[in-house]
Amino acid sequence: MKDAAVGEEAGAARYVPRRGGIPSLRRAAAGCQGCPLYQDATATVFGEGPSSARIVLVGEQPGDQEDRLGEPFVGPAGHLLRKALAEAGIDEKSTYLTNAVKHFKFSTARGGKRRIHKAPNLREMTACRPWLMAELKVIDPDVVVALGATAGKALLGTSFRVSAQRGMALPAPAWDALGVQPVQNDNGHRLVATLHPSAVLRADDREAAYAGLVSDLRVAASALRRPAR
């Protein structure tokens, strides 16, 4: 598999429609060939949820089940996330769920058919960033939750560290300046970082990791309780 070209214009930007809402973006993303990941994935897995959502949760990339079903967060990590959202007091129906990268990146186990998740690299994240920008511009949420390191880096740049920045209501970047540090202007949007739910499932102390996820989501819920802009 060849590396994707560096730069957004060499990635998804040329596929993003200049007009239209989430349905228009979803239709256009279905044909995206902005990086080589589309070649092996079953389909583009775009975000799901209302365009009026006040909170957007951004994960890394679709997993095996998401790739097969064409919907985000429908596997074990997604079920755990929905449980945590409920415990944190966030109505799942008022959230928009998406990923920093829209195609499943994987390797195949030798001698078998099982597909093994591989983290997207910086070039793939950069190539796919225009879709995330477009989603956020349409929805214009009050709060964005970065689920894990890849999402955090897609939103806040490569210096982002989950361990140092999780659980805080940080100023969110302008939607057309994702990945640029430092955030230049506080426009009232907030970003809360936390673990990806798949990291909770892999944790040695799953109970403690899950409690941390819920605690971080409660910070996002507190930010949502401010009056809508």
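The values are calculated or read from the model by the stated rules, or taken from the named source; none is laboratory data. Since the model is a prediction, treat every value here as computed from it, not as a measurement. Don't worry about glycine lacking a Cβ; one is built from the backbone with ideal geometry, like all the others, and counts go over all protein chains shown. To get the accessible areas, we keep the full protein, side chains included, count just its heavy atoms, and leave off ligands, DNA and RNA. Shrake-Rupley method; radii C 1.70, N 1.55, O 1.52, S 1.80 Å.
On average, how much area does the Cα convex hull of region 31-127 cover when viewed from any direction, in nm²?
Taking the Cα atoms of region 31-127, their convex hull projects to 6.9 nm² on average.
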Set of lysines near Lys83 by C-alpha distance (under 29 Å), chain-local residues within fewer than 8 positions excluded:
Lys93, Lys102, Lys105, Lys118, Lys137, Lys153
Rounded to the nearest angstrom and ordered from largest down, what semi-axes does the equivalent ellipsoid of region 152-216 get from its C-alpha gyration tensor (root of 5λ)?
26, 12, 8
Which residues' amide hydrogens lie under 5 Å from the amide hydrogen of His189, considering only partners 5 or more residues apart or on another chain, with H built in the peptide plane?
Ala172
Each label point is 7 Å from the Cα along the Cα-to-Cβ direction; what then is the distance between the points at Ala13 and Asp176, in nm?
1.2
Measuring with a 1.4 Å probe in the full set of protein chains, what accessible area per residue, in whole Å², belongs to the chain?
48
Could you please tell me the mean projected area of the C-alpha convex hull for region 108-229, averaged over all directions and given in square nanometres to one decimal?
9.2
For region 90-141, what's the radius of gyration and Dmax over Cα atoms, in angstrom?
15.0, 46
Show the residues, 5+ positions off or on another chain, whose built amide H is closer than 5 Å to the amide H of Phe106.
Lys118
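Would you please give the FRET efficiency between Gln33 and Asn121, computed as 1/(1 + (r/R0)^6) with r the Cβ-Cβ distance and R0 = 22 Å, to the nearest 0.05?
Efficiency at R0 = 22 Å is approximately 0.80.
Can you compute the helix-only [θ] at 222 nm over the chain? Use -39500 (n - 2.57) per DSSP H run of at least 4 residues, normalise by all residues, nearest 500 deg cm²/dmol.
-10500 deg cm²/dmol
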How many percent of Cα pairs in region 84-177 exceed 19 Å?
50
Rounded percent of accessible protein surface that carbon and sulfur make up, the chain, 1.4 Å probe
49
What's the FRET efficiency of Arg68 with Ala203 using the Cβ-Cβ distance as r and R₀ = 22 Å, to the nearest 0.05?
0.30
For the chain: span of alpha carbons on each principal axis (Å, largest first)
46, 42, 32
